[in-house]
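Visitor: My questions will all concern the structure given below.
Every number in this text was worked out from the coordinates using simple rules, so none of it is lab data. As the structure is a computational prediction, the values presented were derived from the model and not from experiment. So basically every Cβ, Gly included, is an ideal-geometry build from the backbone, and we count neighbours across all protein chains shown.
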Amino acid sequence: MSGSTTLPPGIMLRDLMLSFHHSRRLIYLLVACVMVGSVAIALQIEPSYQAKSSLLVLMGTEHTYRPAAGEQFMNSGGADKEIVLRTEADILSSDDLHRAVIKQVGVDKLYPKMLEPPGEFTQLVDEGKAYVGELLGMPHLAKGAGDADPISRALVKFNANLGVGVDRKSSVIGLSFTHTDPKIAAEVLRILEDQYFALRTKLFNDVQAPIVLRQQQEVGAQLAAADDALAKFKQEHDISSYTERRAIVMKQQGELETELTKLESRAAEQQARVAELDKQLAVATGGRADAAAALQAMVNAYQKRQQDATTTYRGSPAYDEARNQAMARQTDVASLKAKHAFEIQTERNKADSDLRAAVAGRDAVRTQLAALKQQIDRLDGEETTLHQLERNRTVLEDNYKSVSKILGDRTVIENVEASRESSVRVIEPPRPPAMPRPLRRLIVIGGALLSVILAVGVTLMSHFFRSIYLRPEALELDTGLPVLASVPETRALARSAILIGPN
């Protein structure tokens, strides 16, 4: 037996065949058991269909740096190809995406057995888990599997049936889904791709136009408020234009100053004339201030003289007549002087009236000049506020124009982005598979391979660990003695009733 390992290869192979023949019943039994078990398992498994689809991932702008609205674009280079593929694969493998697909397809259509009531064995297992959980204080065990959310339980099976493969050399992502119904398998992949593109659009969406629009509205409201404040300020202070208003006021001030100069000159002239007329009036009236009073005094004096001449100093008629004529001449002189005094008095009154008018006009012009000066001072004081309001409005107007330009540019960019095709393209759309997966065949082939392995193992064990010699050459090799005869194996030797003994 031990020497059989040193035999030539031809003899060794024949010895193995003899070992196989010697253990053939056990080998046949093992092969039969393995094949029967494999066939039974294959028959128990329900046939499943695997729908496939493939996606081509291109390098798009969503994988590069995208500046904010109004920011200057800077070319920072594209992302790494492997990172892009890994990102897209992670999006396809996200649980939220799978939940959305399960909700759209329906658990009752995708996995109807999950909605069926649990069997007795499942109930016993859940009760055992609940008891152990309560005993150990572990709530996740105390809660039975049947109490979980159907979508959560379906998600576990969905992830097991879904396959996402990434080919980094060709930038292709392969999708596969296994289900007992080929139409449902293809439908799940189609819905998965639709939900994936929708989620991808949502994740990579770079819509900034609403933000810029809100900024434009805010700046527009501030600009309208600045316009209202400036208009209200001008209305309250009667200023349509500060420059024009200041020019008008300065022009009025110049005109009033010229008028004031004229009035002051006229007043000085009239005042000098009044002083000169006062002197002339004093000479004409004999120092009396009033010409009428002086004339009345002269008339009274002449009347008294005339009365005295007719009563007290009556003399000869010639003398009286001469005296009367002298008195008449004096009366005429006095009348002339009185007339001259009246003329001077009238001229003085007129000059005094003109003087008062000139003084009144001068005072009025001075009052107007004081008011204009106050108005100019007020304008100078309000100039800072007016310039600040105008400057604020100008800044807001420039900001509004800038934001409006950014909004227009961003709207054009986003319209182009919305109309552009996605950088992920469907190479092969999902279709219902015509043939099921060869799982039963694989199980049977696996059972056959296992039976062959067992047969070889039993043969080798029978060859190396047997306690008998199947060939005389092996016996001669182990003992070193020649074998003169051998008894072939017969059924009679296997019977216990036959005894072999000496003659």
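Visitor: Can you sort Glu255, Glu88 by how many other beta carbons sit within 10 Å, fewest first? Intermediate results must be reported in sequence, preceding the final value.
Guide: Working: Glu255 13, Glu88 21.
Exposure proxy ranking, most exposed first: Glu255, Glu88.
Visitor: Using the structure shown, list the pairs from Lys109/Lys129; Lys81/Lys202; Lys350/Lys373; Lys81/Lys103; Lys52/Lys81; Lys109/Lys202 with a Cα-Cα distance above 25 Å, or answer none.
Guide: Exceeds cut-off: Lys109/Lys129; Lys350/Lys373; Lys81/Lys103; Lys109/Lys202.
Visitor: How would Ile45, Ile151 line up from fewest to most surrounding beta-carbon atoms within 10 angstrom?
Guide: Numbers: Ile45 11, Ile151 14.
The fewest-first ordering by Cβ neighbours comes to Ile45, Ile151.
Visitor: For the range 209-260, take the convex hull of the Cα atoms, compute a quarter of its surface area, and give me that in nm², please. Mind dumping the intermediate values first?
Guide: Values: hull surface 17.1 nm².
Average of the hull's projected areas for the range 209-260 equals 4.3 nm².
Visitor: Please order Ile376, Ile173 by the number of other Cβ within 10 Å, starting at the fewest. Numbers along the way, then the final one.
Guide: Numbers: Ile376 15, Ile173 20.
Ranked by crowding around the Cβ, least crowded first: Ile376, Ile173.
Visitor: Please give the contour-minus-distance gain from Asp149 to Leu369: 0.36 nm per residue of separation, less the Cα-Cα distance, rounded to one decimal in nm.
Guide: Working: separation 220, 0.36 × 220 = 79.20 nm, distance 9.23 nm.
Roughly 70.0 nm would be gained on extension.
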